[in-house]
Amino acid sequence: MAGQDTLTVIDNRTGKQYELPIECGAIRTADLRQVKTSPDDAGLIGYDPALTNTATCKSRITFIDGERGILRYRGYAIEELAEKSNYLETAYLIVKGELPDERHLAMWKHNVTLHTMVHENIKKFMDGFRYDAHPMGILVGTIGALSTFYPDANNVQDLESRRLQTRRLIGKLPTLAAFAYRRTLGLPYVYPDNDLSYTENFLSMLFRMTELKYTPNPVLARALEVLFILHADHEQNCSTNALRSVASSQVDPYSAVAAAVAALYGPLHGGANEAVIRMLTQIGSLARIPEFIKKVKAGDGRLMGFGHRVYKNYDPRATIIKKLAYEVFDVTGKNPLIDIALELERIALQDDYFVSRRLYPNVDFYSGIIYQAMSFPVTMFPVLFAIPRTSGWMAQWAESVRDPEQRIARPRQIYIGEGARKYVSIAQRPEPEMREEAVSPEI
Ligand code: CMC
């Protein structure tokens, strides 16, 4: 059998042998269904909570080699894109699969820029949130609400509709994000300035005050371009998986992206950059780092911005961001938290707890330090992740709805609850004290 692309499985319950095809280094777990102990057995299933070793799709968008710390979009190294590209060009690459020529890039910029405005009702909608609403919560709500403004987006199998929704979402995300930010400060909303680049316009919508035209600092605008490139896609992470799962019901992309933003909000995902700053601020000084590391090692909290499901090496995005931080500090002045971060990293990379678990800095470890130096409040950090990730989500969405192998996502479960029981009328149920013990303590 050696040299064949198959896996031989012997079921020791029955002694039967099965040949499962191997394609692209994977077996189809559906092939396990034939492994049965009897004809009425539903067949073997795979158990993989958190999908740690299950591919849910074939994709041509992003390649990651976590062992070697490699990240590529459509075959292009992240380091090269971060150095030479800009966000809209990278978004084109991610969405369309190739780098654009000059004419196509100009058309793409025009088409995206055309959609930077939002319906005036969105502003009223935003006003309905509580005064201290987290901008990420506002983003989830307003992106979901966009589906009601564009009912044509339901037509997910239509290529032209998909293109239009992609431009709309990439165009509108900075506007929604900036409005959410201005609202938390009680400042009037600033409308898009389409003469500016994608990141310059975003800075203008955030920070413009009474001046007629906002002049963004070119170093900060470029830093944001780089950060946006680094965050544009990351294959099947938690939010992209949420997006694909929700989109598999063929719902419109605004609803699916709202689900992705909700997933990104969590502190183990896009909310980690916010959590890193809170952690560094709490540590407060170099002297308190050993005590903090000791607590983490004892299982009391995590070193936020460290560790990754896929990278078992330095996250290549973190390397770029660390360098970028100093370019930003030349303009903004140094964020003192960088010293605590560097010392934490130095200690963690020598400590057996982190070394043995292969925990390295991830994209979120240094990004928040830059955002804070650029005067963004911490609550905006995950929002700054969501804006560029929209191009990745739209590419992943388009790929999934076009994929003939994709059907509605519907995982299996292993049922471990009660067997069949007879309904007991309320008068005949046990006394409250006895019932307490039977009720699951988690709920
Ligand atoms: N600090 C301390 N211990 C950690 C950390 C950490 N940041 N991350 C993982 N561990 C330990 C964990 O306790 C476990 O130890 P043990 O085997 O003794 O139980 C071991 O390492 C494996 O951890 P895990 O939770 O099973 O790993 P995972 O692949 O399920 O989780 C992760 C990946 C990113 C959620 C996790 O590393 C983490 O919580 N990191 C901190 C949050 C963070 O920075 N998230 C941003 C991820 S990058 C941006 C993005 O794409 O979302």
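Annotations for the structure displayed:
- Qualifying residues in the range 338-393 (those that are within 11 Å of the ligand (Cβ to nearest atom) and assigned to a loop (DSSP other than H, G, I, E, B)) - the one nearest to Val226 (Cα to Cα): Asn362
- Test set (1) in contact (Cβ under 8 Å) with a residue 24 or more places away in the chain; (2) touching a Leu at 6+ places or on another chain (Cβ under 9 Å); (3) surrounded by fewer than 16 Cβ atoms within 10 Å (Cβ to Cβ) - Leu324 fails condition number: (3)
- Residues of the range 82-122 that turn out to be part of a loop (DSSP other than H, G, I, E, B), touching a residue at least 40 places away in the same chain (Cβ under 8 Å) and more than 24 Å from the chain's Cα centre (by Cα), as a count: 2
- Subset tally (residues that are open to solvent by 30 Å² or more (accessible area, probe 1.4 Å) and farther than 19 Å from Gln165 by Cβ) for the range 82-103: 9
- Index of the failed condition, Lys312 passing every other in (1) within 23 Å of Pro135 (Cβ to Cβ); (2) part of a loop (DSSP other than H, G, I, E, B): (1)
- Subset of the range 289-306 (residues that are open to solvent by 20 Å² or more (accessible area, probe 1.4 Å), in a helix (DSSP H, G or I) and in contact with a helix residue (DSSP H, G or I) (Cβ under 7 Å, 6 or more places away or on another chain)): Phe292, Lys297
- Filter result for the condition that a residue is touching a strand residue (DSSP E or B) at 6+ places or on another chain (Cβ under 7 Å) and free of Cβ contacts under 8 Å to residues at least 24 places away in the same chain, over Asp31, Asp48: Asp31
- For the residues Arg317, Arg278, the requirement of being open to solvent by less than 10 Å² (accessible area, probe 1.4 Å), basic (Lys, Arg) and either modelled with pLDDT of 95 or more or not in a loop (DSSP other than H, G, I, E, B) (or both) singles out Arg317.
Residues checked against (1) surrounded by 15 or more Cβ atoms within 10 Å (Cβ to Cβ); (2) over 18 Å from the mean Cα position of the chain (by Cα):
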position: Asn12; (1), (2): no, yes
position: Asp31; (1), (2): yes, yes
position: Asp40; (1), (2): no, yes
position: Ile45; (1), (2): yes, yes
position: Asp48; (1), (2): no, yes
position: Arg72; (1), (2): yes, no
position: Ala77; (1), (2): no, yes
position: Glu80; (1), (2): no, yes
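- Looking across the range 206-233, the residues that are open to solvent by 50 Å² or more (accessible area, probe 1.4 Å) and either under 20 Å from Glu89 (Cα atoms) or touching a residue at least 24 places away in the same chain (Cβ under 8 Å) (or both) come down to Asn217, Pro218, Val219, Arg222.
- Any hit, the range 134-154, residues being surrounded by fewer than 20 Cβ atoms within 10 Å (Cβ to Cβ) and among the β-branched types (Val, Ile, Thr): yes
- Per this entry, Arg309 is counted among residues that are exposed (fewer than 15 other Cβ atoms within 10 Å of the Cβ) and either within 19 Å of the chain's Cα centre (by Cα) or small (Gly, Ala, Ser) (or both).
- Pairs with Cβ under 8 Å, 6+ apart, first in the range 262-277 and near the ligand (Cβ under 9 Å from one of its atoms), second open to solvent by 30 Å² or more (accessible area, probe 1.4 Å) and assigned to a loop (DSSP other than H, G, I, E, B): Pro267/Met304; Ala272/Met304; Ala275/Pro267; Ala275/Met304; Val276/Met304
- Residue in the range 310-324 that is farthest from Lys334 (Cα to Cα), counting only those that are in contact with a strand residue (DSSP E or B) (Cβ under 7 Å, 6 or more places away or on another chain) and of a type in the set (A, V, I, L, M): Val310
- Residues being open to solvent by 40 Å² or more (accessible area, probe 1.4 Å), in a loop (DSSP other than H, G, I, E, B) and under 17 Å from Tyr87 (Cα atoms) - total across the range 177-205: 3
The values are calculated or read from the model by the stated rules, or taken from the named source; none is laboratory data. Values in this document were obtained by computation on a predicted structure and should not be read as measured data. Every residue, glycine as well, gets a Cβ built from its backbone with ideal geometry; the counts of neighbours run over all protein chains shown. Surface areas here come from the heavy atoms of the whole protein model, side chains and all, with no ligands, DNA or RNA. Shrake-Rupley method; radii C 1.70, N 1.55, O 1.52, S 1.80 Å.
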